[in-house]
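The structure appears right after this line, and notes come after that.
What follows is calculated from the coordinates using simple rules that are stated; it is not laboratory data. Bear in mind that the values here come from a model prediction, so they are computed numbers and not experimental data. Using ideal geometry, Cβ is built from the backbone for each residue, glycine included, and neighbour counts are taken over all protein chains shown.
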Amino acid sequence: MAKQRIGVLTGGGDAPGLNPAIRAVVYRAADEGIETVGIYDGWEGLLDGFADQTWTLDIPTVRTWDRDGGTNLGSSRTNPFKRGNGATRSDDSGQVLRNIEKLGLEGLVAIGGEDTLGVAKKLADAGAPVVGIPKTIDKDLSATDYTLGFDTSVRTVAEIVERSRTPAGSHHWVQVVEVMGRHAGHLAFWAGLAGGAYLTLIPEHPFDFERVKALLDERLAPNPSDRRIPRYAVIVAAEGAMPRGGKEITVDAQVDEFGHVRLGGVGAWLAERIRTETVHDARAVALGHPQRGGPPSPTDRHMGWLFGVAAVEAIVRRAWGKMVSARGIAPACDISLVALADAVVRLNLVDVPRYYDTDRYQAKRRVL
Ligand code: F6P
């Protein structure tokens, strides 16, 4: 009898933790006598013209992947239900369904965020044997406390926020640090808190520029009798943060196959306004894709392992249309299966009333 086979793919923006999860899938599948096939470049790899090339993964191949950032399988933002651009979008999902069968995949692990798992849900509805693993540095998927990549990115961003305090302090300027986070400010908020940002602007709460000015004036007011007071400020701005009454700042007008525009520029916009409309000097840096880079943190390795193992267990149980989910984060977490539909039904946003001081644009000084 032919060996059972399953597939694994990674879609959407890459993130540290993907490779540890793929590795765990291969290890757990091998225990069951199941062969794992790597699909290249997300859903694109299951379309006609691409599905004829796959990568059979065994333990010697993936043994050291726990140390690797990004995804060794490659990724794409392909939406098989709406392929192409502009008026020429086509539903090619039938190709994916056919190629899953052609490749003899008795199960498929899709690792991704709202877009990749949204496709996984629709394919599962159409009868495909799909299970999901949550991944996104934005941490905006519902029905799970953890999404792969978040911890590593928070560490990277927090370190840069912290490092930006010394040049800003030495030169007495306002440093704006623009970080990723399209609709959700989890990364900006927690990295801002850990890195010591004075203000953090998140998509969930449009900011008032006049208030930003007032808060800067409050912190940076000269005190002739004590020159040691802070004479700098760091502002973390999520790329999706927007001024009250305004809208998101985008790189260009193009939308991808999931209908997303490329955000970017709010940091530079804010620094320019601070320079021209206040007495303070300002600099801006947009961290961009490197904040998704680098080796996975221990937490991303732990969670990648637990999610990967659980995904194969879900396949063995034929729990199609499910996503592995964590309540809590390793080492104190419970792993379970939830419906993919529940993960993508709405975005998981920062709990503003609980954590965010909407007057001072920073973490609340009240926890209980
Ligand atoms: O969804 C994850 C994310 O990192 C967002 O924070 C960001 O808006 C987007 O990906 C960037 O997309 P791309 O990698 O296609 O430039």
Fill in the blank from the handout: From the Cα centre of the stretch 231-292 to that of the stretch 116-156, the distance in Å is 26 Å
Practice task
For residue 293, list long-range residues whose amide hydrogen, built 1.01 Å from N in the peptide plane, is under 5 Å from its own amide hydrogen.
Solution key: none
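So if the hydrodynamic radius of the stretch 251-368 is defined as the Kirkwood radius over C-alpha pairs, what does Stokes-Einstein give as its diffusion coefficient at 37 °C and 0.692 mPa s, in µm² per second? Write out the running numbers ahead of the final one.
Numbers: Rh = 19.0 Å.
Diffusion coefficient, whole number: 173 µm²/s.
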Completion exercise
Checking rank on 204-212, 331-339, with mean other Cβ inside 10 Å and highest first, the result is 204-212, 331-339
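Could you work out the relative contact order of the chain, using alpha carbon pairs under 8 angstrom and six or more residues apart, expressed as a whole percent?
Numbers: 885 pairs, mean separation 81.6, N = 368.
Relative CO of the chain lands at 22 percent.
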Problem - the stretch 204-246 - Kirkwood radius from inverse mean 1/r over Cα pairs (Å) - result: 12.1 Å
Fill in the blank from the handout: Interchain or sequence-distant (5+) residues whose placed amide H lies within less than 5 Å of the amide H of residue 35 are 4, 5, 6
Practice task
Quick one: what are the phi-derived ³J(HN,Hα) couplings along the stretch 238-249, Karplus 6.51/-1.76/1.60 with θ = phi - 60°, whole Hz, x for glycine and proline?
Solution key: 5, 4, x, 5, 9, x, 4, x, x, 9, 4, 9
Handout entry: Phi to ³J(HN,Hα) by Karplus 6.51 cos²θ - 1.76 cosθ + 1.60 over the stretch 19-31, Hz, x for Gly, Pro
Key = 5, x, 5, 4, 4, 5, 4, 5, 4, 5, 5, 4, 4
Handout entry: Protection proxy ranking of 65-75, 86-96 - average other beta-carbon atoms within 10 Å, highest first
Key = 65-75, 86-96
Handout entry: For the stretch 228-235, Karplus couplings with θ = phi - 60° (6.51, -1.76, 1.60), whole Hz, Gly/Pro x
Key = 7, 4, x, 10, 9, 8, 10, 10
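With an 8 Å Cα cut-off and a minimum separation of 6 or more residues, compute the relative contact order for the stretch 33-169 in percent.
Details: 159 pairs, mean separation 22.7, N = 137.
17 percent.
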Fill in the blank from the handout: The distance between the Cα centres of the stretch 318-368 and the stretch 177-202, in whole Å, is 16 Å
Handout entry: Label-point gap, in nm, between residue 225 and residue 126 - each point 7 angstrom along Cα→Cβ
Key = 7.3 nm
Practice task
With all distinct Cα pairs included, what does the Kirkwood hydrodynamic radius of the chain come out to in Å, to one decimal, could you say?
Solution key: 21.5 Å
Handout entry: Student exercise, the chain dipole from Lys, Arg, Asp, Glu Cβ charges, in Debye to nearest 20
Key = 740 debye
